[in-house]
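Encoded as structure tokens, the structure appears first; notes follow it.
The values are calculated or read from the model by the stated rules, or taken from the named source; none is laboratory data. From a predicted model like this one, the values you see are computed outputs, not experimental measurements. Because the Cβ atoms are built from the backbone with ideal geometry, glycine has one as well, and the counts that use them run over all protein chains shown. Note: areas computed on protein heavy atoms with side chains; ligands, DNA, RNA excluded. Shrake-Rupley method; radii C 1.70, N 1.55, O 1.52, S 1.80 Å.
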Amino acid sequence: MIKTNNPWAVIVVTPIMKRAQDMKCSREIIFIDSSSSVDTTNTTVTNILSPSKAGAIPLAILIHEGQTEESYIGALSLLKNNFPNCFGGIESPLVFMTDDSAAEKKALSKLWPKAKQFLCHFHMCQAEWRWLHDSKNGINLNNRLPLMKLFQLAMYSMSEEEFKNIESRIKNEAPTNFIKRFEKNCKRQDQWVHFYRSRILYRNHDTNNYAEASIRIMKDILLNRTKAYNVVALVDFIVSVGEEYFTLRILNHAHGRHSQTKRLYDKLCSKMIDFNISELKKINESTYASQV
């Protein structure tokens, strides 16, 4: 725990979390989300999660004061300094998936500058929809849905040419303030436009839903829809109730007690075309290409 003039921070890493740090999938994409409504003092809790076949498993849970850039740096530094190779045995993951929190994103950039940063599509659309409906922006009621559809078309562009065409349409059809907002977002198009993100291996995780679900698990299961009395009680809930929950969930998956995973696998297989395994060329440990 930090006790200086800087915002204080606590890191919680249980045995399950320590094992999750060694998973190979922890090298690829890491989900991060924060909540400040889990105890009576409004302490911020930041979950750092890696996807697995049993769902998202936390690598660590950070408890810290506030959501400023300094606060995030202090909390995330505890992870970096105490567990330097926590991302599958390496220093930095390939991608961080977050919502559009400027303080959080700046802290991640300073501590892990080599990692790419992706923005959650859900939060991007939510922010855009709220902006269109804000009366101070003066967007006509009849124009809101068409503008939203243009933004979504740009987001899910499958090629650079398609994105440029939508960009041209927005500049010709949209109000000036919407164009300025879109141009500002275009400066970081590699973080939210599908085509520019597709060059990186991120398993098609376009949203931060894993992290959102983890906050709900904490509130519903760990805290039983109540607030912890203080930080000490919050740590106790995470270490005791949280560790038992993740252990049971992993065991349920290992013993095949839930059929959801098999249904998802069968659905994925149904989309595959027929091919001969001899026609595949191995590019790396997780990527193959057809030679036909």
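The modelled label-to-label distance for the pair Gln126/Asp274, using points 7 Å beyond Cα in the direction of Cβ, is 4.5 nm.
Where the convex hull is taken over the Cα atoms of the chain, what is its projected area averaged over directions, in nm²? The partial results should precede the final answer.
Numbers: hull surface 75.5 nm².
If you wrap the Cα atoms of the chain in a convex hull and average its projections, you get 18.9 nm².
Accessible area ranking (1.4 Å probe, heavy atoms, ligands and nucleic acids excluded), largest first, for Leu222, Leu94: Leu94, Leu222. Extending 7 Å from Cα along the Cβ direction at Asn6 and again at Arg225 yields two label points whose distance is 4.0 nm. For the peptides 194-206, 6-18, the ranking by packing is 6-18, 194-206, with the highest mean count of neighbouring Cβ atoms within 10 Å listed first.
Contour minus end-to-end for Asn42 and Leu264, with contour as 0.36 nm per residue of separation and end-to-end as the Cα-Cα distance?
76.2 nm is the gain from fully extending Asn42 to Leu264.
By DSSP, the beta bridges lying fully in the chain are antiparallel in about 70 percent of cases.
When you restrict to C-alpha pairs under 8 Å that are six or more residues apart and normalise by the size of the chain, the relative contact order lands at 20 percent. Between the residues Ser37, Asn82, Leu62, the greatest Cα displacement towards the positive end of the dipole of the range 13-113, with unit charges on the Cβ of Lys, Arg, Asp and Glu, is found for Asn82. To the nearest 10, the accessible area of Leu264 is 110 Å² with a 1.4 Å probe.
Relative contact order of the range 4-53: what whole-number percent is it, with Cα pairs under 8 angstrom and at least 6 residues apart?
30
Accessible area of Thr226 (1.4 Å probe, protein heavy atoms only, ligands and nucleic acids ignored): about 80 Å². From most to least packed by mean Cβ count within 10 Å, the peptides 132-145, 54-67 give 54-67, 132-145. Taken about its Cα centre, the chain carries a charge dipole of about 300 debye when Lys and Arg each add +1 at the Cβ and Asp and Glu each add -1 at the Cβ. Restriction of the GluC sites (Glu not before Pro) in the range 213-292 to DSSP coil positions whose beta-carbon has at most 11 other beta-carbons within 10 angstrom yields Glu285.
Please give the net charge around Asn177, taking every other residue with its beta carbon less than 15 angstrom from that of Asn177, where Lys and Arg add +1 and Asp and Glu add -1.
+3
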